[in-house]
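First the structure, in the form of structure tokens, and then the observations on it.
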Amino acid sequence: MKILLIITSSVGCYKALDLIREFQKKSINFEIIATKNTFEFISPLLLETISHKKVYSELFDLDMEKNIGHIQLARDNTHIVVYPATANIISKFAQGLCSDLALTCMIAANKPIYIAPAMNKEMWANSLIQNNVKLLKEHGHHFIGPEDGSLACGEYGSGRLVNPGEILNQLK
Ligand SMILES: Cc1cc2nc3c(=O)[nH]c(=O)nc-3n(C[C@H](O)[C@H](O)[C@H](O)COP(=O)(O)O)c2cc1C
């Protein structure tokens, strides 16, 4: 098993650090992409220190792209997991957008993607988001969560990111 973990800028992205620890405890090989907005919440230094990996974020990376790195990242794995997944990345992916490294790899991937949404309950309930979720499911992608529970914004409802332990249970 080799996992490409894509981290996006939900407030729940701190839980990705625990998911990385899970991978390490289970000796699972992985690579990490984080969207640029993720670094508003957790620093590249923290992610690289915890993971002992380079954290990829730039699409136009001169070193990486010598070997067409975004296609390699998209292909050189058995599973792709987006944890947490913002409303933004879900919708852009559903519409086939490739506006950053994460999305370009997701569109270039040759396998279904596991998506763990995390957002405010009204964002999750929004019919635009639900239409995009439906579309992605129709295209064979897998959704893990979200759960009902207390949300970072102080509200209670559906939109809570599943715990890291849930992810490995769900990978087929
Ligand atoms: C404090 C804060 C918390 C946020 N939490 C979430 C969230 O849980 N889920 C979500 O979909 N967007 C959340 N956002 C909005 C995203 O960060 C924003 O839509 C961003 O453009 C997503 O970029 P990305 O998908 O490239 O990471 C939050 C923004 C802020 C400022």
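At-a-glance table
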quantity: Any pair with Cβ under 7 angstrom, 6 or more apart, that starts in segment 77-98 at a residue that is under 17 Å from Gln130 (Cβ atoms) and ends at one that is within 8 Å of the ligand (Cβ to nearest atom) and part of a strand (DSSP E or B); calculated: Ala85/Pro117; Ile90/Pro117
quantity: Any hit, segment 54-62, residues being touching a Gly at 6+ places or on another chain (Cβ under 6 Å) and part of a strand (DSSP E or B); calculated: no
quantity: Output for segment 38-49, where each listed residue is surrounded by fewer than 18 Cβ atoms within 10 Å (Cβ to Cβ) and either among the acidic types (Asp, Glu) or touching a helix residue (DSSP H, G or I) at 6+ places or on another chain (Cβ under 8 Å) (or both); calculated: Glu40, Phe41, Leu46, Glu48
quantity: Set Ile144, Ile71: member being more than 18 Å from Leu19 (Cα to Cα) and either in contact (Cβ under 8 Å) with a residue 12 or more places away in the chain or buried (at least 18 other Cβ atoms within 10 Å of the Cβ) (or both); calculated: Ile71
quantity: Options Leu128, Leu161: the member that is closer than 19 Å to Phe30 by Cβ and either surrounded by 14 or more Cβ atoms within 10 Å (Cβ to Cβ) or not β-branched (Val, Ile, Thr) (or both); calculated: Leu161
quantity: Failed item, numbered, when Asn77 is tested on (1) part of a helix (DSSP H, G or I); (2) away from the ligand (no atom under 16 Å from the Cβ); (3) modelled with pLDDT of 95 or more; calculated: (1)
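The values are calculated or read from the model by the stated rules, or taken from the named source; none is laboratory data. Remember, it's a predicted structure, so these values are computed and weren't measured experimentally. Note: ideal-geometry Cβ built from the backbone for every residue, glycine included; neighbour counts use all protein chains shown.
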